[in-house]
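To keep things clear, I will list the structure first and then write my remarks on it.
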Amino acid sequence: MDESLLWVWIMVAFIALVFLINVRDVRSSRRGGHPVSMWRLVGSGLLLLVAFPYAVWETAVELLPS
């Protein structure tokens, strides 16, 4: 596996972690926690929707024979 490909997957894992933290914060705010901006949740979700297919594509291009 190429080093740049590893960094792409590390970035996807970080974005997924941020998204899951935002989901947890939104759910806790509905139960009386501190208010959370929905833009954080939407933004991290959209970023994950872009980053994950990119990582899959780069992995497929790297691993499949040409």
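The values are calculated or read from the model by the stated rules, or taken from the named source; none is laboratory data. Since the structure is predicted, the reported quantities are computational estimates derived from the model, not experimental observations. As a convention, Cβ positions derive from the backbone with ideal geometry for all residues, glycine included, and neighbour counts pool all protein chains shown. Areas reflect the complete protein model, heavy atoms only, side chains present, ligands, DNA and RNA absent. Shrake-Rupley method; radii C 1.70, N 1.55, O 1.52, S 1.80 Å.
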Inset, instruction - Report the relative contact order of the chain, percent, no decimals, based on alpha-carbon pairs under 8 angstrom and at least 6 residues apart. - result: 43
Inset, instruction - May I ask you to give the solvent-accessible area per residue for the chain, in square angstrom, as obtained with a 1.4 angstrom probe? - result: 79
Inset, instruction - Please report the base-10 log of the normalised intensity I(q)/I(0) for the chain, using a Debye sum with one equal scatterer per alpha carbon and no solvent, at each q in 0.19 (1/Å). - result: -0.72
Legend entry - Distance between modelled label sites at ALA16 and LEU49, nm, 7 Å Cα→Cβ extension: 1.8
Inset, instruction - Using only Cα atoms, tell me the angle between helix 38-63 and the longest principal axis of the chain; keep it within 0 to 90° and round to the nearest 10. - result: 10
Inset, instruction - Per DSSP H run of at least 4 residues, take -39500 (n - 2.57); add these up for the chain, divide by its residues and hand me the 222 nm value, nearest 500 deg cm²/dmol. - result: -29000 deg cm²/dmol
Legend entry - Percent accessible area from carbon and sulfur atoms, the chain, protein chains only, probe 1.4 Å: 72
Legend entry - Crossing angle, helix 3-30 versus the chain [Cα axis fit, 0-90 degrees, rounded to tens]: 20
